[in-house]
Amino acid sequence: MENTPCLFSIQILHRRFYATRHKKAVEAFQNAIRIKPDFAYAYNDLGVEYIELKMYKDAIEILKKAVEIKPDYVGAYNNLSIAYEKSGMYKEEINIYKKLIRVNPGDSQVYYNLGLAYSKLEMFKEAIDSYKEVIKNNHREADAYYNLGVAYGKLGMHKEAIEAYKNVVGIDPDAADAHFNLGVSYFSAHQKDSAKKEFEILKKLDRQMADQLYDIIK
């Protein structure tokens, strides 16, 4: 307990240091833009600093300027998608991912982020298609299988969800959250014996989560 005030003071100083650093960076990039108004990279870097300062509206406006100057600027599009996501502007975020896919159709990370954005808007059919694109490029992408299972579950497609979660635990046998969701999916698909097996596995991985599963399937 004696170290708590000291630690708290260090954390405050740490935040102040980085806030000051970002504000100085903002001034530097603003000066660069004044000198060279068509300097797309300065607009992008300024946008990143605004994101770090949680000034998302300013970040969006400045990053839109970066891609206006340089329409093929992938890095600026990525940062713009982050600013939209942080602002809860998921439709706009989705539009950015669609543009990025046209530039680079094989970018699995963009498809994954697109799936997340669709899920936030409860557009689960579209999310499923996005996660499938990720899996097409990498059959051992556990996170994509997991979110695919969640999307299937939201649509009541429990058999499909089961297959997705089975892929997750096949890649990572210790993934407790996947075993939990697999148990719930089995129960929802009226496969109670299989759900009980997931409970037994989960007891060894996460007792609290196992108890939660038991309350559902008992």
Checklist entry - In the range 160-190, which residues are assigned to a helix (DSSP H, G or I) and either over 16 Å from residue 213 (Cα atoms) or not assigned by TED's automatic domain parsing to the domain that holds residue 140 (or both)? => result 160, 161, 163, 164, 166, 167, 168, 169, 170, 171
Next on the checklist: Among the residues of the range 146-192, what is the count of those that are acidic (Asp, Glu) and without any contact (Cβ under 8 Å) to a residue 24 or more places away in the chain?
Outcome noted: 2
Checklist entry - Taking the stated definitions as given, is residue 133 under 18 Å from the mean Cα position of the chain (by Cα), of a type in the set (Asp, Glu), under 30 Å from residue 98 (Cα atoms) and assigned to a helix (DSSP H, G or I)? => result yes
Checklist outcome for this item: The residue that is surrounded by the fewest Cβ atoms within 10 Å (Cβ to Cβ), considering only those in the range 143-184 that are of a type in the set (Gly, Ala, Ser) and closer than 18 Å to residue 125 by Cβ, is 156
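The values are calculated or read from the model by the stated rules, or taken from the named source; none is laboratory data. Keep in mind that this is a model prediction, so the values were computed, not measured. Cβ sites come from the backbone with ideal geometry, for glycine too, and all protein chains shown count toward neighbours.
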